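No value in this document is a laboratory result; all are computed from the given coordinates. The shown structure was predicted, so the numbers you read here are calculated from the model rather than taken from an experiment. So basically every Cβ, Gly included, is an ideal-geometry build from the backbone, and we count neighbours across all protein chains shown.
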Amino acid sequence: MGVVRRRRLRIWALFALLGLAAAGGYVLLILAATDEEVVPEPAASRWSLIEDHAALVRSSTARREAVLDEVEQLGADTVRVLARWHEIAPGHRSAMKPAFDSSDPASYPGFAPYDDLVRRAADHGLRVLITLAPDAPRWATEGKRPYNSENVNFRPSAREFGDFAAAVAERYSGDYGGLPAVRWFSIWNEPNHELFLKPTSDSPEVYRDLVTAALPRIRSNASPDASVLIGETASVGLSDRVMGPATFVRRWLCLDERFRPLRGAASQRKGCRSFRGHLADGYAHHPYGPPQQVVNRGDVVNLLAIRRLGRYLDRAADAARSR
């Protein structure tokens, strides 16, 4: 383990911080790359993280407080909060965007339970990680298809998502309405899974656009010391339902099958001609999968095979330096 001296890092990885889930099951791996020295990280700085959207967001204030008490009793120090775009935004089932300023946090009707959770988490001394999460409102998707499981999250608008990211970051910047500052954000949830980004075949390119739009908006609106994670990838490639993490990372970062930068016509086809990487603070991954074995077939990065992800990101870092 290591802790990096520099604040902003390229996304590609040399350092790992593991937050172990309790009571509800979420495992977060944070990876980041730097050319600067890393120093040993004390065990006390590792995270113990819990996520429970039903109990912490979609619940009463009394239930929320009781769950946070339990989080403390379990010894956790971090709460992951899915800031679900469709729950916070107006008219999420409508094909027509409501008349509102989508970059203004005051224009969103669904923040109340999130505000309460952030306040209570701060009172409990808990770190908060906000994931800017699906589902996308219908009006913010390509073609405005009917809002159902077959169509939800079909090519979300990067511009609209950037506005949403700005609104969330400003609201929890520490300078808005007396709300505490949130200092950790991440972008989307399992973008390589068909439930969260469609079509799976084009999800790396769609996610690249979402990150490109959201990252600078978070930077310019959040607390100056806020950190932003990207990736949030699912661990197991499953036919056409889930793109494997190695394939997803390569295509998202404009790399060929040998993790070299795409060139010429291939680069142009994938929209990579102007891509120079994302300046983020870490990489998040969900290493679910077979818990007791290293899977040697297929595109899988479970917890026992997590070093694979480090290798992928190291190779991506080498490619970035050669651009």
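Listed values, structure above:
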read-out: DSSP-loop trypsin sites (Lys or Arg not before Pro) across segment 74-106, with at most 16 other Cβ within 10 angstrom; value: Arg93
read-out: Value at 222 nm in deg cm²/dmol, rounded to 500, when DSSP H runs of n ≥ 4 in the chain each add -39,500 (n - 2.57); value: -9000 deg cm²/dmol
read-out: Whole-angstrom gap from segment 172-188 to segment 283-302, using each part's C-alpha centre; value: 32
read-out: Glu72-Gln292 pseudo-label distance in nm [points 7 Å out on the Cα-to-Cβ vector]; value: 3.8
read-out: 13 Å beta-carbon shell around Ala95, net charge (K/R +1, D/E -1); value: +4
read-out: Alpha-carbon centroid distance for the pair segment 83-133 / segment 250-282, whole angstrom; value: 32
read-out: Burial ordering of Ser173, Ser48, fewest other beta-carbon atoms within 10 Å first; value: Ser48, Ser173
read-out: Amide H within-cut-off set for Leu255, under 5 Å, with H built and near neighbours excluded; value: Leu262
read-out: Loop-located trypsin sites (Lys or Arg not before Pro) in segment 175-244, at most 12 other Cβ atoms within 10 Å (DSSP); value: none
read-out: Per-q log10 I(q)/I(0), the chain, q = 0.06, 0.11, 0.15 Å⁻¹ (Debye; single scatterer per alpha-carbon; no solvent); value: -0.19, -0.68, -1.33
read-out: Linear extension gain, Leu279 paired with Asp123, 0.36 nm per residue minus alpha-carbon span; value: 53.0 nm
read-out: Amide N proximity, segment 58-91 versus Arg159 label position 7 Å along Cα-to-Cβ, cut-off under 19 Å; value: 90
read-out: Solvent-free Debye scattering, log10 I(q)/I(0), computed from the Cα coordinates of segment 55-204 at q = 0.09 Å⁻¹; value: -0.30
read-out: Added length on full extension, which subtracts the Cα-Cα distance from 0.36 nm per residue, Ser239 to Met96; value: 48.1 nm
read-out: Mean Cα-pair separation over length for segment 113-159, i.e. relative contact order, pairs under 8 Å, 6 or more apart, %; value: 27
read-out: Fewest-first sequence of Met96, Met243 by Cβ atoms within 10 Å of each Cβ; value: Met96, Met243
read-out: FRET E, pair Arg311, Ser223, Förster distance 41 Å, beta-carbon r, rounded to 0.05; value: 0.80
read-out: Least to most buried among Asp77, Asp104 (fewest other Cβ within 10 Å first); value: Asp104, Asp77
read-out: Full-stretch length increase - Arg260, Leu195 - with 0.36 nm per residue and alpha-carbon distance subtracted; value: 20.5 nm
read-out: 10 Å beta-carbon shell around Gly178, net charge (K/R +1, D/E -1); value: -1
read-out: Over segment 196-278, relative contact order from alpha-carbon pairs under 8 Å, at least 6 apart, %; value: 30
read-out: Long-range HN-HN contacts of Asn153 with modeled amide H, under 5 Å; value: Ala136
read-out: Mean separation of Cα contacts under 8 Å (6+ apart) over length of the chain, as relative contact order %; value: 19
